[in-house]
1. Restricting to the range 6-56, compute how many DSSP beta bridges are antiparallel as a %, nearest 5.
2. Per residue, how many Å² of accessible area does the chain show with a 1.4 Å probe?
3. Please list, in chain and number order, the residues 5+ apart from residue 4 or on another chain whose amide H is under 5 Å from its amide H, with Hs placed from the backbone.
4. Measuring from centroid to centroid over Cα atoms, what is the spacing of the range 41-56 and the range 65-108 in Å?
5. Order 80, 3 by their accessible area, 1.4 angstrom probe, all chains in place, largest first.
6. Of 98, 11, which has the most accessible area with a 1.4 Å probe, and how do the rest follow in descending order?
7. Could you check what % of the DSSP bridge pairs in the chain are antiparallel, to the nearest 5?
8. Does the range 53-116 come out rounded, prolate or oblate by the C-alpha gyration tensor, with a ≥ b ≥ c the root eigenvalues, rounded set by a/c under 1.5 and, if not, prolate when a/b is larger than b/c and oblate if not?
Amino acid sequence: MSRYEEVAVEDLDGWRVLRLAGEIDVATAPRLRDRLVQLVTEGPPQLVVDLSGVTFIDSMGLGALVSGLKRARAHDGDLRLAGATDHVAKVLAITRLDHAFVVADTVASATAGRPG
């Protein structure tokens, strides 16, 4: 059974940081999409998704992140990615989504606007 866990949601310098672990796939992506919508709606639309604990992501997981990015931008915000594991970074590069998102090595650099 695949699943991801929400490790924490933290506020950091005007950004909401969503820390995730596990697998984001066809079974779990709808829950992530709903969570991102909730975070954009409830608070500042400035989000960082910390992927350092994510071991797998498929096209549905990527779709959830893109949906979150679009929603954040529609609310004059942004959604950035941080700490992508090797697998996740490779998937982002293959799909060229590393050009659509700010992808940073750490949460600190993502919130400071200095990717990588």
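The values are calculated or read from the model by the stated rules, or taken from the named source; none is laboratory data. Keep in mind that this is a model prediction, so the values were computed, not measured. Reconstructed Cβ throughout: ideal geometry from the backbone, glycine too, with neighbour counts over all protein chains shown. For accessibility, only protein heavy atoms count, side chains too; no ligands or nucleic acids. Shrake-Rupley method; radii C 1.70, N 1.55, O 1.52, S 1.80 Å.
1. The antiparallel fraction comes to roughly 45 percent.
2. 50
3. Answer set, sorted by chain and number: 23.
4. Using only Cα atoms to place each centre, the spacing works out to 9 Å.
5. 3, 80
6. Highest to lowest solvent-accessible surface, that is 11, 98.
7. If we restrict to bridges inside the chain, about 35 percent are antiparallel.
8. Note, shape of the range 53-116 comes out oblate.
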